[in-house]
Each structure stands twice: as structure tokens, then as C-alpha cells.
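Engineer: This is the structure I want to talk about, given as C-alpha cells.
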Amino acid sequence: MEEKNRNSFIFNFNMKRFIVHIGIFLAVVGLSCYVVLYQADGATDAFYVKFTSPKQQSLIIGSSRAAQGLHPKVINQNLPNAHIYNYAFSRVHTPYGKPYLESIKEKLETNTTNGIFIVEVNPWSISSKKGEELDDENFSENASYLGKVKNVTAKPNLTYLLNFYGGRNVEIITKKGTNYHGETLFVHDDGWFEVSLKDTEQKNKNRIKSTLGSYKKIREEYKGISDVRLDYLEQTIRFLKKHGDVFLLRLPIDTRMMRIEDTLIPDFDVQMEILANKTEVKYLNLIPKNRDYHYNDGHHLNIQDGRLLSKSIADSIQYYKK
Amino acid sequence: MLFNSIDFAVFLPIVFVLYWFVIQKNLKFQNALVVVASYVFYGWWDYRFLALILFSTLVDYSVGILLNKTEELTRRKLLLWLSISVNIGLLGFFKYYNFFVDNFVQAFSFFGQEIQPNTLNIILPVGISFYTFQTLSYTIDVYRKKLEPTKDFVAFAAFVSFFPQLVAGPIERASNLLPQFYKKRVFNYANAVDGLRQILWGLFKKIVIADNCAQFANVIFNNHTEYTASTLFIGAVFFTFQIYGDFSGYSDIAIGTSRLFGFHLKQNFAFPYFSRDMAEFWRRWHMSLSTWFRDYVYIPLGGSRGSKGRQIRNVFIIFLVSGFWHGANWTFIVWGALNAIYFLPLLILNRNRLNTNVVAEYSMLPSLKELLQIAITFLLTIIAWVFFRADSVNQAIDYLKRMANVSLFSVPSIRPTFLLVLLFLFILIEWAGRRQQYAIEKLWFRFPRIVRLFIYYVLVMIIFLYGGKEQEFIYFQF
């Protein structure tokens, strides 16, 4: 009995010591890691900051074309009280579907009734890939941050950083993340993704040629229009309409890119017109103005032209709101 | 479940608390918890293959019991072959079926006969090569009467599925691990802290060294025709460190985790890249597999007894089988053959047991001769690893051809400074700790405790800050 008590005492003492020591060590480590993660900002990657800002009353949603091309600052200057926020991501992550709609619902201030919503659309955003069987629950982006990060207003957003941040954590502090062409990449507080290039005409031509080449290959991966995605685009519009005015927007792109997209969904603009009529929203199709703008790579507007276009969109919204 | 995942970081403390606090007083319950935890650990990846582990466990447990009941040689042999057939059969089907079918088809097409292959879409169950070898060692030892068969099914199931080493070893012998399940485990502070230290070092090797090297090695190997010889060389060096960091890191985490639960697993890597010849390298690399092959294949074949010709044959068999164990691809077989060729001169000249001690055991630095020997051995392993990493034998040959070029002496186009600095520090630490079971076992013991703690803190922060993109452990596929 005495031996048993002695063993039990030793066990308790040893274990207590172990737990306390480990606890203190892990607490110090945990705190240090938290301090590092707290430094994450717009330089961290192209998406992180969008999951840290507060809930919003007006949103720009769509692909990277909208993320880079639409400047909330310019729109807000021209549309007083809009307070629009750029919550657009990329072709891969935010085609229309349940994950994006759920994320938008999380990002939107629930009691908003007079918001402005720019819903950028393009053929990729309502298409499915070959071999992709979409249904109400099954979306390829379910496994991405869009499907997994449920809290879209946390700072630091640990779910995002621990699961989806692709760089080394040291880069959160040094702000020297992946930089493909010597460009400046930064997501601003209003959600605008700045891609600032040190370009020459030749470099620009080469990049456009290379992107068009990539998209010809990407096109082969796609099947065509998806009824499920189209239905979710409609659901997204109907949801946003409850909270304000919705504008369906197709951004201008290089004409050669448009030809690739025409092979994906030849009657895309007709489909969008039908949808706009059905949901009673305005479809702003800027494809006829393709040649009026310049692009970084054939489909992302350069900063200067993005500003001009944002101003023009704000003017159109102002006009239609009247 | 990956050791370097958040899932495991949650799983481990839960099992630890249940093990030591809730059912600490009952050995049977503790063993049962090990089985349940191990099945959860494995099932996290794919629960369907738990049936395979259970089947293998049932077969070998029953064979052990039956072997104990009979002295009749034919019946005993029959039982042994039953166990071998089941385990090797499972391994053969899941790992090698498609390889054999593909090669069969190719062989026929060579002679102008086209046949329709009937390949299957088989998923390779993680760790199958490890646990089948572990259970086989039990049956063979019982057959050889070196081990008493167990009547405790739960203990046996825990031995087969013990989660720290289930999917990538070390391949434990029943004679070492099984008896530990019969005895009450007592929590020991020093052992637990030592276990954590080894886990820390394992994580450093895996997350900082292996995963960062992988990133660059993958780029270089996947586009090898675009790089100069010096870049190809650095790519091969990165892979050399990747595979070491990956596999020995896993072993360290496995051994350290076992210590947290009061178990002692055997050392699996003993600083192989400081070896002075290939024989020493193979005594220090993946020791649990090398000794398994030695005891259950090499020695039954005659080992180093008999004529030189017979010895050479045995060495070739052992290396080819070892290569094939790693994967159903000719690259692994060539890798094995190449290592056999490296080993042969030492065997013929009776110099294969020349370096059995630790290099520079009583000095801080190696002699010039030792340094040269280490460099040559390291270079030979780099060349062999190219076959191991390449997608095909042709790619490996092309890679090596391009590497043997005058541009080998140019500046590599890929030379990540942070990684080269980390590798340099890593080599220094490994060298300083080469006399221990793992590099940092007692490395900083002469410093006050607070300084030591600070060093561990720095290591954790390096892991956190410089950890590469999470990659699966390479040896999971074997």
C-alpha cells in the first residue's frame, strides 16, 4: 500500500512538473507565433486581407479581373456613401457556386438594405471543368480557402494562415513573398489587389502572348457552361438584391482572349442578358470597349486603365440608380 | 494522419492525456487505447484499409498460437509459409500487381505480341511495406523458437499497429517491442522530455530541411533539361538532404512519440552521411530495414559464409530486393543494383567492416583522410539518389549525363541562400551530435537549463518561420 502511494506520488509529481513545463514553453511559443501571424497584411498574398476586414455593406465580387481592375477607392469617390469593398478573388477560387455565395453572405453586413453590388461575370465563372460533376454540395472550390474559411472577418485569420497561406511564415515579416516578374503585389484595405509592373512594351507583349498561350491550354480543361453554376449566379444576384442594387458586369479584355472565351460559351452575353432580365438587374457589358483599354496580360486591366474604367462604371451606376 | 499536421498536434495530446490520466492504472486498457488510437491514426488517411491491418494481425496471431502447439516440422513450415504468403501476397497485390502486368505486356510487345493488359486501379495502402515486415518478423522468430508466441491478442494488435511507427517505421522486431506491451509503463519525466526533444529535432529535419529542399529539388528534377550541370548537381544534393531529413525526421518523431508513452524503439539512422565507405553507410541508413533483410534474407541465403561468388550473389540479392521493396519501378531496382556495385569492392577486399566506430570519435574534426572518404561516399550516394528520385531510368541517366558536363563548375542558377545557410547549420549540428542517438540528444547539456530552453525555442521558431510547404513523407509511398 505504502509502495503504491509512493509510486502514485512520484507519478503525480513528475506528471505535474511535465505538464507545467510544457505548458509554459508552449505558451511562450504560441504567443510568439501569434505575434508573427499578426503581422500578416496586404503583402502576405493576394487574398488574405479580404478575410480580415470587417463585414461590408457594398461589394465587388467576381474573378481576378475584378480584383485587379476595379478600384473601390475610385468608385467610392464617385458614389458617395457606397463604401464598396472588393471581395473578388480568382477564376480558380471564385467561380459562382455555393462556397462563394456562402462566403459573400458571411462578408455582408446583414442589415444592409441600400448596398451596391458589382457582380463581375465571364465565361469561366459559370463553366465547369471536364470530369467535374457539380451538384448542390459538390464544388471543386469546397476544399479551397473559400470553402473552408468560415470566419471571414478575423484578424489575424488563423484558419487561413495555418491552412492556406502558401509561403514561409518568415515572409509575413520580411514582406518578400513570391514575386513572379519583379512586380509589386499588394492588397489594399479596400480589397483592391494592386499588381504594379515595371513594364516595357516588349515585356507586355511577351506576357500577353504567354497568357493567351496558357489560356488556350486552360480552355481545353473546361467543358462549357454549367447549369449549376449559372443557377448559383442567379441565387447570388437574388440574395444581393435583398440588400441593395445589383449590377452585372462583364469587363473588357484583349480581343484575342475574347475569341478564346467565345469558344467556351458562344452565347455568353445573350445568357447574361436573359439572366439580367429575369432577375431585373442591369447588365453592363464592356466587351465592345475591348480596344479602349490596356491589359497587363491580355485580361487584367493595367492600373491606369482600371482607374478610368472604375470611374466610368461608377458613373454608369449613378446614372442607372437615378 | 501526418506527424507535421495540425490534426496530429490535436490527436497526440488527447491520446497522451487518456493514456496517462484516465486509464493509467490498467495495462490492458492502456494497450487497448494504443490499438484504438492507432486505428484512428491510420483510418484518418483511409479507414477502408484498416481491414488489411486487422487481417494481417489475425493471421499472424493465429499462426503464432498454432506454431506453439505443434512440433511437427512439416506442419510448422506450412504455418510459416501461410504467414509469408498472406503478408507477401498482400504486399505483392497492392504494390506490385500493376508493375508486373505492365512489364509482362512490354516483354510480349517486344516480341511482336500485343496483349491487352488487365491493370487495376489499385491504391497503395500507406505503410503496408512496414507493418507486413513487422508481423512477418514475429512469425519467423516464433518459428525459429527465438520468441515465445503471445496469447495476448490486444498486446499483439498494439504491436502490429503501434501508431508512431505504423506507416513509415522503424520496423520493430517483436522481440524488442512486444514485451514492452506486457509490462506496466511508468511515466518518467526525463524520458518524456527526451522524447519531446527528439520530436523537435525530427520536425526540424522534416519541415525545415526536407520540405524546403523538396521545393527546389522538385523544380530541378521536373525540368532537368533546362538547367546547367551545376544546377542539376545542386538539385541532386537537395534531394539527398530531402530524403534524409524526411525519413530520418519521421523516425525521430516516431521514436520520440513512443518515448512519451513509455516505449523504446531502436535507432533507425545513425548519421549516415558521415560514413567513410558504403558499407558503413548501409549500417547507418534505415537500420531497421537493413537488419531485417540481414536476419531474414541474407543470413538464410548463407550470408558471408561460403565462396566469394556466393557472397557476391547474396549481396546482389539483398540490394535488389531492398530496392524493389522501396517501390514498383525499375528506378528503385537500379538504385539497389548500384548500391550493390558500390558495396562489392569492399566485400571482395574484405574491407566492409573497416569503419564500425563513429567517425572522429575522439576528436572534434575529421582527419583529411576521413574527410576525403566522407566526401567520396557522399558523392556516390548523391549519384545513387538520382535514380531513386527520377521518374524513369532513362530520366536518371539523362540527368547524370547532363550533370557530367563542364558547366558543373559554373555558378548554379538556383542557389537559395537561406536554404544553403540552414543546410550548413544542420550539418554542423549533426556533426556535433554524431555520437548520440540523435543530434541534439545531449548536445547543449553543458549549458544552463535556461540557455538550453532558449535554444529549443529558437529551433521551434525556425520551424515555424522557415517551414517549407507541407509535403507528405516520402516513405509513406513505400
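The values are calculated or read from the model by the stated rules, or taken from the named source; none is laboratory data. Given the structure is predicted, the values throughout are model-derived calculations rather than measurements. Note: ideal-geometry Cβ built from the backbone for every residue, glycine included; neighbour counts use all protein chains shown. Just the protein is used for accessible areas: all its heavy atoms, side chains included, with ligands, DNA and RNA removed. Shrake-Rupley method; radii C 1.70, N 1.55, O 1.52, S 1.80 Å.
Engineer: Does A:P99 satisfy being under 14 Å from the mean Cα position of the chain (by Cα), assigned to a helix (DSSP H, G or I) and surrounded by 19 or more Cβ atoms within 10 Å (Cβ to Cβ)?
Structural biologist: yes
Engineer: Report whether or not A:D231 is open to solvent by 30 Å² or more (accessible area, probe 1.4 Å) and in contact (Cβ under 8 Å) with a residue 12 or more places away in the chain.
Structural biologist: So A:D231 fails the test.
Engineer: Kindly indicate whether B:F233 is away from chain A (no Cβ under 14 Å), aromatic (F, W, Y), under 27 Å from B:S129 (Cβ atoms) and touching a helix residue (DSSP H, G or I) at 6+ places or on another chain (Cβ under 8 Å).
Structural biologist: no
Engineer: Being closer than 21 Å to A:R91 by Cα and touching a Leu at 6+ places or on another chain (Cβ under 6 Å) is the filter here, so list the residues in the stretch A:273-285 that pass it.
Structural biologist: A:Y283, A:L284
Engineer: Just give me the residues in the stretch B:250-272 being within 21 Å of B:T377 (Cβ to Cβ) and not in a loop (DSSP other than H, G, I, E, B), in sequence order.
Structural biologist: Listed by number, the residues that qualify are B:S251, B:P272.
Engineer: Test B:K205 against the stated conditions and say whether it is crowded, with 23+ Cβ neighbours inside 10 Å, of a type in the set (D, E, K, R) and in contact with a helix residue (DSSP H, G or I) (Cβ under 6 Å, 6 or more places away or on another chain).
Structural biologist: Here the answer is yes, as B:K205 does meet what is asked.
Engineer: Among the helices (runs of 4 or more DSSP H) confined wholly to the stretch B:1-88, which include 2 or more residues that are open to solvent by 20 Å² or more (accessible area, probe 1.4 Å) and either closer than 30 Å to A:M15 by Cβ or within 14 Å of chain A (Cβ to nearest Cβ) (or both)?
Structural biologist: So the answer is B:6-17, B:27-46.
Engineer: Could I ask something else about it? Suppose we filter B:A270, B:A229 for residues that are open to solvent by less than 40 Å² (accessible area, probe 1.4 Å), aliphatic (A, V, I, L, M), more than 26 Å from B:R351 (Cβ to Cβ) and out of contact with any Cys (no Cβ under 8 Å at 6 or more places or on another chain); which single one remains?
Structural biologist: On inspection, the qualifying residue turns out to be B:A229.
Engineer: Something else now. What are the residues in the stretch A:271-289 that are among the hydrophobic types (A, V, I, L, M, F, W, C) and loosely packed, with under 15 Cβ neighbours inside 10 Å, if any?
Structural biologist: Across the stretch A:271-289, the qualifying residue is only A:I274.
Engineer: Okay, next question. Considering the stretch B:237-262 alone, what residues qualify as being of a type in the set (A, V, I, L, M, F, W, C), over 25 Å from B:T356 (Cα atoms) and crowded, with 23+ Cβ neighbours inside 10 Å?
Structural biologist: B:F238, B:F239, B:I253, B:A254, B:L260, B:F261
Engineer: Return a yes/no flag: does the stretch A:260-270 have any residue that is hydrophobic (A, V, I, L, M, F, W, C), within 25 Å of A:Y320 (Cα to Cα) and open to solvent by 20 Å² or more (accessible area, probe 1.4 Å).
Structural biologist: Yes, that holds for at least one residue.
Engineer: Right, next: Go through A:D305, A:D315, A:D292, A:D297 for me and flag whichever is closer than 20 Å to A:N76 by Cα, touching a residue at least 12 places away in the same chain (Cβ under 8 Å) and either open to solvent by 20 Å² or more (accessible area, probe 1.4 Å) or among the basic types (K, R) (or both).
Structural biologist: Exactly one of A:D305, A:D315, A:D292, A:D297 is closer than 20 Å to A:N76 by Cα, touching a residue at least 12 places away in the same chain (Cβ under 8 Å) and either open to solvent by 20 Å² or more (accessible area, probe 1.4 Å) or among the basic types (K, R) (or both), namely A:D315.
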